[in-house]
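Participant: Here you go, one structure.
The values are calculated or read from the model by the stated rules, or taken from the named source; none is laboratory data. No experiment lies behind these values; they were computed from the predicted model shown. Heads up, the Cβs are rebuilt from the backbone with ideal geometry, glycines too, and the neighbour counts pull from every protein chain shown.
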Amino acid sequence: LEHNASTQKAVSEGCFLDKSTVTTLLKRMEKDSLLYKQPHPTDQRSSLICLTEKGKEKALWVQQSLNAIDETEFDSIPSAEREQFLATLGKIIANQKKW
């Protein structure tokens, strides 16, 4: 949703998934009319993955659902503790990217 019109490679890297897994997922999403492919304007070897209106609606629904879950999970945790937790988690993710 935040990176519409991305290459399959960018989708794969952004989701931390291998190319074959992303290929399968994108084919299913295209079949379900959640996305479409358009030619890349500068690279004839690749396509841009774009969300359809239906895909955008589903993405917004998922985003809102995850935000609601986050709010429930962090309900009784003070904001300072929440920020510290998220900062630590960000460092863990950065370390995983190095690996």
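Participant: In the list 54, 91, which residue meets the criterion of being over 23 Å from residue 8 (Cβ atoms) and among the basic types (Lys, Arg)? Quick ask: steps written out before the conclusion?
Facilitator: On the way: 54 fails: over 23 Å from residue 8 (Cβ atoms).
Going through 54, 91 in turn, just one is over 23 Å from residue 8 (Cβ atoms) and among the basic types (Lys, Arg): 91.
The rows are residues; the columns are (1) at pLDDT below 95; (2) in contact with a helix residue (DSSP H, G or I) (Cβ under 8 Å, 6 or more places away or on another chain); (3) over 30 Å from residue 95 (Cβ atoms).
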{"site": "9", "(1), (2), (3)": "yes, yes, no"}
{"site": "18", "(1), (2), (3)": "yes, yes, no"}
{"site": "27", "(1), (2), (3)": "no, no, yes"}
{"site": "45", "(1), (2), (3)": "yes, no, yes"}
{"site": "53", "(1), (2), (3)": "no, no, yes"}
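Participant: Also, quick follow-up: Of the residues in the stretch 55-99, how many are closer than 30 Å to residue 38 by Cβ and touching a helix residue (DSSP H, G or I) at 6+ places or on another chain (Cβ under 8 Å)? Don't jump to the end; show me each part of the working.
Facilitator: Pass one, the stretch 55-99, residues closer than 30 Å to residue 38 by Cβ: 55-67, 97.
Narrowing further to those that are touching a helix residue (DSSP H, G or I) at 6+ places or on another chain (Cβ under 8 Å): 55.
Within the stretch 55-99, residues that are closer than 30 Å to residue 38 by Cβ and touching a helix residue (DSSP H, G or I) at 6+ places or on another chain (Cβ under 8 Å) number 1.
Participant: Give me the helices (runs of 4 or more DSSP H) completely within the chain, filtered to those with at least 1 residues that are over 18 Å from the mean Cα position of the chain (by Cα) and surrounded by 12 or more Cβ atoms within 10 Å (Cβ to Cβ), ordered by residue number.
Facilitator: Working: elements: 8-15, 19-31, 53-73, 79-98.
Ranges flagged: 79-98.
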